[in-house]
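K.L.:
First, the structure itself, so that you have it in front of you.
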Amino acid sequence: MQRLQQMLHRMLGGTRPSLENEAWKRNMLREASEHDKQLKTPLSALKVAGIDSETTGFSPEHGDEIISLAAARWSGGTADEPFHSYVSIQADIPHMVSKLTGITLEHLHQAPSLEKVIPEFFNYIGSSVLLGYFVGHDIKFINYFLWKKHRTRITHRVLDLYGIMPLLDSNLEHANFDEACQHYGVVNSGRHTALGDALAVIDLWNHIVRDLEHQEIVTLEHLYQKLAKNRNTNKT
């Protein structure tokens, strides 16, 4: 806890005190204390946040940037109003990205910088377990920014639904997001938008939790054990 407090001091040091920064600090401290409790919490009651981002490419280290960031919280069958923000960038948006996401520079013209969006994002997700599909992409971009600006990284628990699908059906071992949604009848009318995909992740999670419970996987600890066993089985 002391180490996290020192980290937060470095992250927020030199900035003007604000309610936003204070809330971010409190939420990150609370997140660190939640880890042990999360393991024993029933999956159906676990506080989670589906996250997604749209980016200009795949490599933040080569200058690609986040242009849209979203999260949707869920706990105990109740969904909260989601978070979404476009993010201003200095470069152009590649044509293929605009065609896929529908995002143009006009959407970003008056959007806040990532420096301003990230504290709002963390205030929103609080201590939630983060969910996504191929979520490593989103985490990589967020961590790149956090490390570059604050010399820290995300400390939240993160679950990639892609890795959970084979536990439910062996035919879904390499299922992409669209195939997983189709399997459960999840309609994603906002596909390839950060907000639409974050909402679809939460919808998918609802179905996954029910199927996991049928296998007597009822807590996060049970799920980790099952995932580890599945990985070891695949290695042999």
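The values are calculated or read from the model by the stated rules, or taken from the named source; none is laboratory data. Everything numeric in this text was worked out from a predicted model, so none of it was measured. Here the Cβ is made from the backbone with ideal geometry for all residues, glycine too, and neighbour counts use every protein chain on show.
K.L.:
Just to verify a result, which residue in the stretch 140-182, among those that are among the β-branched types (Val, Ile, Thr) and either surrounded by fewer than 20 Cβ atoms within 10 Å (Cβ to Cβ) or touching a strand residue (DSSP E or B) at 6+ places or on another chain (Cβ under 8 Å) (or both), is farthest from GLU213 (Cα to Cα)?
P.N.:
First, pick out the residues of the stretch 140-182 that are among the β-branched types (Val, Ile, Thr): 142, 152, 154-155, 158, 164.
Now restrict to residues that are either surrounded by fewer than 20 Cβ atoms within 10 Å (Cβ to Cβ) or touching a strand residue (DSSP E or B) at 6+ places or on another chain (Cβ under 8 Å) (or both): 142, 152, 154-155, 158.
On the way: ILE142: 32, THR152: 35, ILE154: 28, THR155: 27, VAL158: 20 Å.
This residue is THR152.
K.L.:
Report whether or not ILE202 is assigned to a loop (DSSP other than H, G, I, E, B) and closer than 21 Å to LEU39 by Cα. Let's see the steps before the verdict.
P.N.:
Numbers: assigned to a loop (DSSP other than H, G, I, E, B): no; closer than 21 Å to LEU39 by Cα: yes.
Against the criterion (assigned to a loop (DSSP other than H, G, I, E, B) and closer than 21 Å to LEU39 by Cα), ILE202 does not qualify.
K.L.:
Of the residues in the stretch 127-139, how many are more than 21 Å from GLY190 (Cβ to Cβ) and surrounded by fewer than 17 Cβ atoms within 10 Å (Cβ to Cβ)?
P.N.:
Looking only at that region, the number is 1.
K.L.:
To continue, here is another question. Find the strands (runs of 3 or more DSSP E) located wholly in the stretch 34-143 whose residues include 2 or more that are in contact with a Pro (Cβ under 6 Å, 6 or more places away or on another chain), and list them.
P.N.:
On the way: elements: 48-55, 66-75, 83-86, 129-132.
In the stretch 34-143, no matching strands (runs of 3 or more DSSP E) lie anywhere.
K.L.:
From the list ALA194, ALA180, ALA175, which residue is aliphatic (A, V, I, L, M) and within 17 Å of the chain's Cα centre (by Cα)?
P.N.:
Values: ALA180 fails: within 17 Å of the chain's Cα centre (by Cα); ALA175 fails: within 17 Å of the chain's Cα centre (by Cα).
Answer to the check: ALA194.
K.L.:
Now for a different question. Being modelled with pLDDT of 95 or more and in a helix (DSSP H, G or I) is the requirement here; does HIS207 meet it?
P.N.:
Details: modelled with pLDDT of 95 or more: yes; in a helix (DSSP H, G or I): yes.
Here the answer is yes, as HIS207 does meet what is asked.
K.L.:
Moving on. Please verify whether TYR124 is crowded, with 19+ Cβ neighbours inside 10 Å, within 14 Å of the chain's Cα centre (by Cα) and farther than 25 Å from SER59 by Cα, treating the condition exactly as stated.
P.N.:
Details: crowded, with 19+ Cβ neighbours inside 10 Å: yes; within 14 Å of the chain's Cα centre (by Cα): yes; farther than 25 Å from SER59 by Cα: yes.
Yes, satisfied.
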